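Trainee: Dumping the structure here so I can ask a few things about it.
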Amino acid sequence: MNNINIPKIGAALVAMAATLLAQAADKRYPIDYVRKVEVTEPSKRNAAWEDKDFLNCDDVVLTQEDVLYALRHMRRVSWKGYDPEKVDATGCEGEALVTFKNGRVLAMGIEPTGRIGTAEYDAQMKIVSGSTSFYECAPCRDRKMALLKDALYRADERRLKKLVAEGQLSAGEAQTRLKRARDSRDKP
């Protein structure tokens, strides 16, 4: 007869359950009750932040599919976990309104990094007091970061082409720098 280590099996099951719960969606906004998703701002720029030589927000846009995916996977965090001063942000936030069958409307601001800010409105579009919440969505970040990485590659190309056109860099050196930049981003 095999020796079964009950405590180890129990610990493994608890760890799996904790992992699943950590990524559980907010039960107040069930995906089955979504009536309509309207992307109001596919990629809102923070003009003070955006530097097209680094990243063009037009390269990273929010879609209805992204909003539904976020509703399935977002988990609530405190303001400290969301605070833009202390957490990575791209400045390319997309905004959407999600209308539920009960008439409630959830306004969402979603960053490609998986940070989500929300506010809830009633059917008359009056804000529900205390409804502002902050979320993190790791699967959303993983999904959008591939798009973000591609946008950063295009920004590198634009920046280096500009330097070549201005005569500050040779075409060969630009290719070498571009390859180095891509290789550094592709490292795990």
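The values are calculated or read from the model by the stated rules, or taken from the named source; none is laboratory data. Predicted model, so just to flag it, every value in this text is computed and none were measured. Using ideal geometry, Cβ is built from the backbone for each residue, glycine included, and neighbour counts are taken over all protein chains shown. Note: accessible area is taken over every heavy atom of the protein model, side chains too, but ligands, DNA and RNA are not part of it. Shrake-Rupley method; radii C 1.70, N 1.55, O 1.52, S 1.80 Å.
Trainee: Tell me which residues, restricted to segment 106-133, are farther than 14 Å from Leu71 by Cα and not in a loop (DSSP other than H, G, I, E, B).
Mentor: Let us first name the residues in segment 106-133 that are farther than 14 Å from Leu71 by Cα, namely 112-113, 121-132.
Passing the criteria: Tyr121, Ile127.
Trainee: Looking at segment 41-68, which of the residues that are assigned to a loop (DSSP other than H, G, I, E, B) and under 14 Å from the mean Cα position of the chain (by Cα) is modelled with the highest pLDDT? Give the steps one after another, and end with the answer.
Mentor: As a first pass, look at segment 41-68 and keep what is assigned to a loop (DSSP other than H, G, I, E, B): 46-56, 60-63.
Subset that is under 14 Å from the mean Cα position of the chain (by Cα): 60-63.
Working: Val60: 76, Val61: 83, Leu62: 87, Thr63: 90.
That would be Thr63.
Trainee: From Ala96, Ala155, Ala138, Ala174, which residue is small (Gly, Ala, Ser), touching a His at 6+ places or on another chain (Cβ under 9 Å) and open to solvent by less than 60 Å² (accessible area, probe 1.4 Å)? I'd like the intermediate steps shown before the answer.
Mentor: Working: Ala96 fails: touching a His at 6+ places or on another chain (Cβ under 9 Å); Ala155 fails: touching a His at 6+ places or on another chain (Cβ under 9 Å); Ala174 fails: touching a His at 6+ places or on another chain (Cβ under 9 Å).
The match here is Ala138.
Trainee: Collect the residues in segment 104-135 that are aliphatic (A, V, I, L, M) and crowded, with 18+ Cβ neighbours inside 10 Å, keeping them in residue-number order.
Mentor: Result: Val105, Leu106, Ala107, Met108, Ile110, Ile116.
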